[in-house]
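Student: Handing you a structure now.
The values are calculated or read from the model by the stated rules, or taken from the named source; none is laboratory data. None of these values were measured; they are calculated from a predicted model. FYI the Cβ positions are ideal-geometry reconstructions off the backbone, even for glycines, and counts take in every protein chain you see.
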Amino acid sequence: MRRTGSEKIFEEEILKLIFLRQEGGYWDFKKQWYENNGDLLHDIICMANNLHNRDSYIIIGVDEEMDCSIVDTQNDPNRRNTQNIVDFLKDKKFAGGIRPIVHVEQIVLRRGQIDVIVIDNSHNTPFFLIDQYIGIRANHIYTRVMDTNTPVDKTADINHIEYLWRKRFFLDETPLERFCYHLSDPSDWDSIDDRDMAYYYKRAPEFTIACEEDEHRNGYEYYSFGQMNNSLRWWIITLKYYQTAIKQFLGLTLDGGRIFVVAPCRAYELNHIGASAVAFFVCNDLRSRLLEFFHQKESADEFSYSIFMKAIIVFESEEERNCFFDYVNGNPTLYQELYALQGDEGLPHFPNIQGLIMDEYKKDYRSALVLQKMLIEFRKEKSRFAALEETYHADA
C-alpha cells in the first residue's frame, strides 16, 4: 500500500525538524532508544505538557553530536513499538487516571531508519503522577520550555502551570472552539422555556442555541427518501455567544417531524469521476457534535434516525476523510464497477414527484451505498497494512 498524503506530510515535517539541527519546544532528538524507563516517562510527560498546543515528537535515531546524522534504529536492543509504550504507561499512576496518548511511527531514509514517538495533543493537561516513579516526583508538573525539560526534582514555573490548567478548561479558546467542547455533554444544556428548540449551557449561560424554520428554503435531499414520510422542513440553527451569532448550520425535520438532524456536509471532490456529492459527517467536529446533541434532545424515533444515518458516511477524522477521497479519486474504475454491481439493491422507494428528476436522487443514494462499501475496504486495507508494519518492526 502506498503512503497516504498524511504520511508524506508527517515525514516531511520530521525531516524539516532534523534539518534545523536543533531541538525545540515540541521536538527532541535521541541518538538511540531509552535504557532508563524513568528518562522515557519524564520526556513523555514533558512533551505531553508542551506549551505549543500541538502534537510533540521524540525523534530517535538522530545524533546531535555528529551534526544530527542518522543512526539506524532497526537493531537497537531497547527499541519499542506503540503497544510497548502503551503497556509501559498503563500502570503508571497519573492524576485522574488520564494518560498521554502515544504512538510510534517509523520513517525509512536512505541512511537508515528512525523512530518517532508521537505524543498527541490533548486538553487533559497538566499530566502528572500521583505516585513517585523512580526519580519522577509525585504531584510535580513538568513541561518543556524551548529545548529544555523541567528537571525531575523541580516543578514548572507558575505561569506555565497556569497555562496548562487554562488549556484543560478551554479558557484560551475562541467561543466557537468552546462550543464544540460544551456540546460534548448534551445533559449540561437546558431548554429556554418560552422558545421551541432553544437551549442554553447551564455552566455558562452566555452560550445558547436557537432554531427557526427557514421559510425561504425547500427541496429534497436523497437521504430523505429513505424515510416512510418523504416530507422535510428546513431550519436555521444559530449558535450564539451572548447576543452574537457566531455560527449557523442548516437543520432538517425528517419523516414528518419524527427526527430533527443537522444537515450533513456534501463531498463535491468526487464529482469528476462520476460519483455524486455524498453526505458525510466527521466525528467530533462541531457539526457532528451538534448532530448528536439534537439526536438526544429532539429526535424521538430511533428507527427514523438509523434510516437517515444509513445513507450518510461518518469519517473518524478529517485525515481519514482526505485519505479516503484520495483513495476513491485514485480508483475510478473500481468505483464504476461497484456502482454497476450495486444496481437498485438497498435503494428505498422513490415516488414520482412532479418537477423533480427522481433518477438523480436515486443516483445520489446508490453512490452513497457504493462509497460506504469502498470505505469499509479502505479501512480493512489500512488495518492490514498497519498490522504487517507492526509485525515487521517487532521482528526487526
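Student: Being of a type in the set (Ser, Thr, Tyr) and under 19 Å from Val152 (Cβ atoms) narrows it down to one of Tyr26, Tyr34, Tyr57, so name that one. Show your work before the answer.
Tutor: Details: Tyr26 fails: under 19 Å from Val152 (Cβ atoms); Tyr57 fails: under 19 Å from Val152 (Cβ atoms).
Sole residue among the options that is of a type in the set (Ser, Thr, Tyr) and under 19 Å from Val152 (Cβ atoms): Tyr34.
Student: Return yes or no: is Leu270 at pLDDT 95 or above, within 26 Å of the chain's Cα centre (by Cα) and not aromatic (Phe, Trp, Tyr)? Spell out how you get there, then give the answer.
Tutor: Details: at pLDDT 95 or above: no; within 26 Å of the chain's Cα centre (by Cα): yes; not aromatic (Phe, Trp, Tyr): yes.
Against the criterion (at pLDDT 95 or above, within 26 Å of the chain's Cα centre (by Cα) and not aromatic (Phe, Trp, Tyr)), Leu270 does not qualify.
Student: Where residues in region 174-217 are out of contact with any Phe, Trp or Tyr (no Cβ under 7 Å at 6 or more places or on another chain) and polar (S, T, N, Q), which of them is farthest from His295 (Cα to Cα)?
Tutor: Across region 174-217, the extreme among qualifying residues is Thr174.
Student: Continuing with this model, one more query. I need a count of the residues in region 203-261 that are in contact with a strand residue (DSSP E or B) (Cβ under 8 Å, 6 or more places away or on another chain), part of a helix (DSSP H, G or I) and of a type in the set (Gly, Ala, Ser).
Tutor: 2
Student: Any residue that is among the acidic types (Asp, Glu), over 30 Å from Phe249 (Cα atoms) and not in a loop (DSSP other than H, G, I, E, B) - is there at least one of those in region 131-153? Talk me through it step by step, then tell me what you get.
Tutor: Filtering region 131-153 for residues among the acidic types (Asp, Glu) gives 131, 147, 153.
Of the ones still in play, those that are also over 30 Å from Phe249 (Cα atoms) are 131, 147, 153.
After this cut, where a residue has to be not in a loop (DSSP other than H, G, I, E, B) as well, the list is none.
For region 131-153, residues among the acidic types (Asp, Glu), over 30 Å from Phe249 (Cα atoms) and not in a loop (DSSP other than H, G, I, E, B): absent.
Student: I need the helices (runs of 4 or more DSSP H) fully contained in region 1-94, keeping only those with at least 2 residues that are hydrophobic (A, V, I, L, M, F, W, C), in contact with a Ser or Thr (Cβ under 8 Å, 6 or more places away or on another chain) and surrounded by 13 or more Cβ atoms within 10 Å (Cβ to Cβ).
Tutor: Details: elements: 5-20, 37-48, 82-90.
Fully inside region 1-94 and qualifying: 37-48.
Student: Scan region 210-227 for residues that are free of Cβ contacts under 8 Å to residues at least 40 places away in the same chain and hydrophobic (A, V, I, L, M, F, W, C) and report the count.
Tutor: Here is the first cut: in region 210-227, the ones free of Cβ contacts under 8 Å to residues at least 40 places away in the same chain are 210, 212-219, 224.
Now restrict to residues that are hydrophobic (A, V, I, L, M, F, W, C): 210.
Matching residues across region 210-227 total 1.
Student: Residue under question is Asp147, and the condition is that it be among the charged types (D, E, K, R) and free of Cβ contacts under 8 Å to residues at least 40 places away in the same chain; does it hold?
Tutor: On the way: among the charged types (D, E, K, R): yes; free of Cβ contacts under 8 Å to residues at least 40 places away in the same chain: no.
Judged against the criteria, Asp147 is not a match.
Student: Quick one: how many residues across region 298-355 are part of a helix (DSSP H, G or I), among the small types (Gly, Ala, Ser) and either under 17 Å from Gly256 (Cβ atoms) or touching a helix residue (DSSP H, G or I) at 6+ places or on another chain (Cβ under 6 Å) (or both)? Give the steps one after another, and end with the answer.
Tutor: Of all residues in region 298-355, those part of a helix (DSSP H, G or I) come to 302-310, 318-329, 332-342.
Next cut, among the small types (Gly, Ala, Ser) only: 304, 306, 340.
Still in the list and also either under 17 Å from Gly256 (Cβ atoms) or touching a helix residue (DSSP H, G or I) at 6+ places or on another chain (Cβ under 6 Å) (or both): 304, 306.
Within region 298-355, residues that are part of a helix (DSSP H, G or I), among the small types (Gly, Ala, Ser) and either under 17 Å from Gly256 (Cβ atoms) or touching a helix residue (DSSP H, G or I) at 6+ places or on another chain (Cβ under 6 Å) (or both) number 2.
Student: Return only the number of the condition from (1) among the hydrophobic types (A, V, I, L, M, F, W, C); (2) surrounded by 19 or more Cβ atoms within 10 Å (Cβ to Cβ); (3) outside the structural domain of Asp326 (by TED's automatic domain parsing) that Leu250 does not satisfy.
Tutor: Of the numbered conditions (1) among the hydrophobic types (A, V, I, L, M, F, W, C); (2) surrounded by 19 or more Cβ atoms within 10 Å (Cβ to Cβ); (3) outside the structural domain of Asp326 (by TED's automatic domain parsing), the odd one out for Leu250 is (2).
Student: Here's a follow-up. Scan region 363-387 and report the pairs whose first residue is outside the structural domain of Tyr335 (by TED's automatic domain parsing) and whose second residue is at pLDDT 85 or above, with Cβ atoms within less than 7 Å and a gap of 6+ or a chain change.
Tutor: Cβ pairs passing all conditions: none.
Student: Being among the hydroxyl-bearing types (Ser, Thr, Tyr), in the same structural domain as Ile18 (by TED's automatic domain parsing), buried (at least 16 other Cβ atoms within 10 Å of the Cβ) and outside any loop (DSSP other than H, G, I, E, B) is the requirement here; does Tyr163 meet it? Before you say what the answer is, go through the steps one by one.
Tutor: On the way: among the hydroxyl-bearing types (Ser, Thr, Tyr): yes; in the same structural domain as Ile18 (by TED's automatic domain parsing): yes; buried (at least 16 other Cβ atoms within 10 Å of the Cβ): yes; outside any loop (DSSP other than H, G, I, E, B): yes.
Here the answer is yes, as Tyr163 does meet what is asked.
Student: Could you tell me how many of the residues in region 4-41 are closer than 15 Å to Thr148 by Cα and touching a Gly at 6+ places or on another chain (Cβ under 8 Å)?
Tutor: Qualifying residue count, region 4-41: 1.
Student: Among the residues of region 166-196, write down those that are within 18 Å of the chain's Cα centre (by Cα), part of a helix (DSSP H, G or I) and within 13 Å of Ile209 (Cα to Cα).
Tutor: Selection gives Leu176, Phe179, Cys180, His182.
Student: From the list Gln106, Gln113, which one is within 24 Å of the chain's Cα centre (by Cα), farther than 18 Å from Arg166 by Cβ and not in a loop (DSSP other than H, G, I, E, B)?
Tutor: Working: Gln113 fails: within 24 Å of the chain's Cα centre (by Cα).
Answer to the check: Gln106.
Student: Take the residues in region 300-337 that are among the hydroxyl-bearing types (Ser, Thr, Tyr) and touching a residue at least 12 places away in the same chain (Cβ under 8 Å), then tell me which one is nearest to Glu381 (Cα to Cα).
Tutor: Initially, region 300-337 is screened for residues among the hydroxyl-bearing types (Ser, Thr, Tyr), giving 304-306, 317, 327, 333, 335.
Those still in the list that are touching a residue at least 12 places away in the same chain (Cβ under 8 Å) too: 304-305, 317, 327, 335.
Details: Ser304: 32, Tyr305: 30, Ser317: 17, Tyr327: 11, Tyr335: 16 Å.
Across region 300-337, the extreme among qualifying residues is Tyr327.
Student: Here is a follow-up. I'm trying to understand the selection: among the residues of region 193-227, which are within 23 Å of Ser367 (Cβ to Cβ) and either surrounded by 13 or more Cβ atoms within 10 Å (Cβ to Cβ) or at pLDDT 95 or above (or both)?
Tutor: Tyr220, Glu221, Tyr222, Tyr223, Ser224, Phe225, Gly226, Gln227
Student: Among the candidates Leu375, Leu341, which residue alone is buried (at least 17 other Cβ atoms within 10 Å of the Cβ), more than 21 Å from Ser231 (Cα to Cα) and out of contact with any Asp or Glu (no Cβ under 6 Å at 6 or more places or on another chain)? Give the steps one after another, and end with the answer.
Tutor: Details: Leu341 fails: buried (at least 17 other Cβ atoms within 10 Å of the Cβ).
Every option except Leu375 fails the conditions.
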